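Reviewing the structure listed below.
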Amino acid sequence: MGDKFAFYRIFYNVFSLITVLLLFYWQMKISGPVVIKLSPVLLIVKYTALILSAILVAGSFLSFNVKKFSGIGQIASRHQKTVKPVISKHGFYGVVRHPMYLGGVIFFTALMTGAPLARFLGYLILGVYMIIGTIREDRRLANELGEGYRNYQKEVPMFLPKILPVTRRED
């Protein structure tokens with residue numbers, strides 16, 4: 001796809017990281033009334049959710065090429081023939097289709113507890129943004145990868161893992 005596309009992903013990732021860090025820095029300076037007050041039980045739930053989100057994101061990295069995700073792989077292989085992407089069903093990707101986004105949504109939801117109103121709204125917006133981004137990415141992947149991804153969509157849920165096996169009645 002050329003040299004311009006090879007650098008797109010790394011610039012996008014760096015820009016996104018800087019933007020989110022600046023947003024967090026700015027939000028930390030805002031005070032106001034706390035929307036959801038933290039009880040001792042809710043504090044335990046909050047930190048458990050933060051740990052779960054970290055495990056989901058970190059565990060997701062084990063299932064794919066981190067160099068490609070970061071954009072370094074595209075730069076290094078920009079003059080090589082493009083290889084068709086493979087659908088990963090390993091690790092968390094066999095349980096939910098978008099474990100990184102799920103981890104992000106859990107992370108921002110956990111941060112909403114004990115946060116002043118402005119931060120609460122910021123985290124809420126980021127969580128909703130991640131859900132919308134997940135839906136859009138799911139559609140894009142279905143268009144790009146075709147029937148293989150559509151079968152994956154049927155087998156593996158987008159966000160919420162199947163806890164109990166679902167059996168269909170034969171009529």
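Quick look at the values:
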{"read-out": "Which of Y149, Y129, Y101, Y47 is most accessible, then next, and so on - probe 1.4 Å", "value": "Y129, Y47, Y101, Y149"}
{"read-out": "Cα-Cα over 31 Å, subset of K29/K68; K67/K154; K29/K89; K37/K68", "value": "K29/K68; K29/K89; K37/K68"}
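The values are calculated or read from the model by the stated rules, or taken from the named source; none is laboratory data. Since the structure is predicted, the reported quantities are computational estimates derived from the model, not experimental observations. Heads up: the accessible areas ignore ligands, DNA and RNA and are worked out on the full protein's heavy atoms, side chains in. Shrake-Rupley method; radii C 1.70, N 1.55, O 1.52, S 1.80 Å.
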